1. Expressed in nm to one decimal, what extension gain is obtained for the pair Glu375 and Arg96 from 0.36 nm per residue of sequence separation less their Cα-Cα distance?
2. In the full protein assembly as shown, how much of Thr376 is accessible to a 1.4 Å probe, in Å² to the nearest 10?
3. Ignoring ligands, DNA and RNA, how do Thr62, Thr190 rank by accessible area with a 1.4 Å probe, largest first?
4. Please give the solvent-accessible surface of His366 in Å², to the nearest 10, using a probe radius of 1.4 Å with every protein chain present.
5. Could you list, in their original order, any pairs among Lys356/Lys387; Lys202/Lys287; Lys178/Lys388; Lys167/Lys287; Lys167/Lys388; Lys48/Lys387 whose Cα atoms are separated by more than 19 Å?
6. How big is region 324-395 along each principal axis, measuring the range of its Cα positions in Å and listing the largest first?
7. With every protein chain left in place and a probe of 1.4 Å, what is the accessible surface of Glu375, to the nearest 10 Å²?
Amino acid sequence: MSKKKKPSTTAKSKAGHPARSAASAKIVSIDEFRARAAGDDLSPRFMKWLRINAPLLANEKTLPILQSYLELYSQEVGNQDFTIQQWPSMKSAILRYAAEVEDREFDHTLQIVMGYLLFLGDSGLWSGSDEQFDQAQELVLEILDAQSDQDFDEGIFEVPALTFDQKREALLALPLAKHLQTFLAWFGATRDITSTGILTRKDIEGAAAALGISAIGVNSAPSLVAPEAGEPVRVTSAKDLPRLHMFWDALIQVGIISLSAKRASVNDLFENDPQIDTDQQWMHLTKDMALAIYEGLIEVEFEDEDDEDLSEEEFEDHDVVGMWMSTLLLEAGMDEGYPADSLENALSTLEGSDQKDLLVARELLHTLAQEGLIETGAHYRIPPVLKKIIAHLIAEPSSLEVDYEDELDEDLGYLGSTS
């Protein structure tokens with residue numbers, strides 16, 4: 001029997017991780033959205049809010065769509081005060097818009113309107129009452145439900161039921177599992193480390209080779225461009241190999257390796273427990289490594305984090321790449337996956353640091369692919385055996401509805417039915 005975990009119905013949960021901007025401003029007409037460089041123009045602020053909270057909605061079509069809706073709303077309400085969205089006029093404007101566009105575009109418009117509402121609330125710009133704010137949200141959500149029978153989060157995150165044998169086959173076939181075994185065989189009992197807790201230069205070649213990477217540690221003249229075929233990458237620090245560094249951090253996070261001042265040592269995590277056979281040990285270690293790697297790449301604090309009083313400047317220091325990764329991994333975990341061309345389209349619409357952050361996120365996706373933690377191609381997809389991890393790590397904390405086909409998978413350590 002499957003078990004669904006229902007999402008929160010709070011406003012905060014509807015757009016993922018909301019920005020908490022202490023700044024305030026006023027929007028008095030649609031012209032402020034058109035005049036991109038005007039003093040009180042909200043376009044940049046709204047787009048910045050979307051890039052942080054709902055980055056997949058932030059593209060070149062977002063503002064024109066919002067402008068079209070607000071024009072209709074203005075006609076209905078009889079004024080151009082958009083700091084409040086009144087229920088009757090809002091409904092009429094939405095229905096008029098629906099008559100003009102295809103269903104897919106209409107769904108997208110509703111998501112943008114919801115994002116705009118939450119932006120007004122998070123930025124302190126909403127000029128109506130709390131009751132009116134709730135009514136506006138409920139209207140959008142009701143229409144979304146009627147249109148597509150989905151939540152604002154665009155669906156239910158499904159975790160397939162896999163037997164123990166299916167999980168064993170899938171987990172142990174991951175490059176991550178093979179690299180883990182090869183790395184620990186190379187590592188032995190202990191290795192020297194630097195004062196910053198990473199492998200020394202002399203061990204870079206062996207550690208990298210265990211992960212299928214051709215690299216050597218050098219004192220100077222590291223590789224500044226991709227080496228010729230068959231030539232190793234030359235690095236001066238183990239940190240300069242992103243996949244090795246990611247792998248090393250996960251080993252420490254899981255507790256497979258512990259550090260002292262000058263040495264790193266392997267721990268016996270199972271202490272020869274007779275209840276756990278060798279395959280089970282490797283399954284647990286592989287699963288825990290995958291969890292640690294995913295967790296190290298995302299923004300993991302959601303609505304429970306204590307940052308209500310963050311200034312705008314402090315919020316800008318948040319890990320935007322991590323927020324991108326949270327969104328992309330969640331989308332990749334949905335049944336249809338995340339279209340690769342959508343990511344490329346998003347890259348083409350961004351500029352400056354925003355584009356740079358997304359480029360880094362794309363490179364991280366391909367780094368994950370080398371460990372089998374994401375599948376690439378026309379779509380980015382999370383392998384079925386790892387969807388439970390994404391459900392626990394991202395979907396549930398962001399209040400997305402999760403359907404565990406095997407309800408025992410609510411336990412992260414559960415390895416599947418043996419019957």
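The values are calculated or read from the model by the stated rules, or taken from the named source; none is laboratory data. Not measured: the values here are computed from a predicted model. Heads up: the accessible areas ignore ligands, DNA and RNA and are worked out on the full protein's heavy atoms, side chains in. Shrake-Rupley method; radii C 1.70, N 1.55, O 1.52, S 1.80 Å.
1. Details: separation 279, 0.36 × 279 = 100.44 nm, distance 4.07 nm.
96.4 nm is the gain from fully extending Glu375 to Arg96.
2. About 70 Å², ignoring ligands and nucleic acids.
3. Details: Thr62 0, Thr190 55 Å².
Result, largest first: Thr190, Thr62.
4. Per-residue accessible area (His366): approximately 80 Å².
5. Values: Lys356/Lys387 28 Å; Lys202/Lys287 30 Å; Lys178/Lys388 21 Å; Lys167/Lys287 10 Å; Lys167/Lys388 11 Å; Lys48/Lys387 30 Å.
Lys356/Lys387; Lys202/Lys287; Lys178/Lys388; Lys48/Lys387, as the Cα separations exceed 19 Å there.
6. Extents along the principal axes: 36, 23, 21 Å.
7. 80
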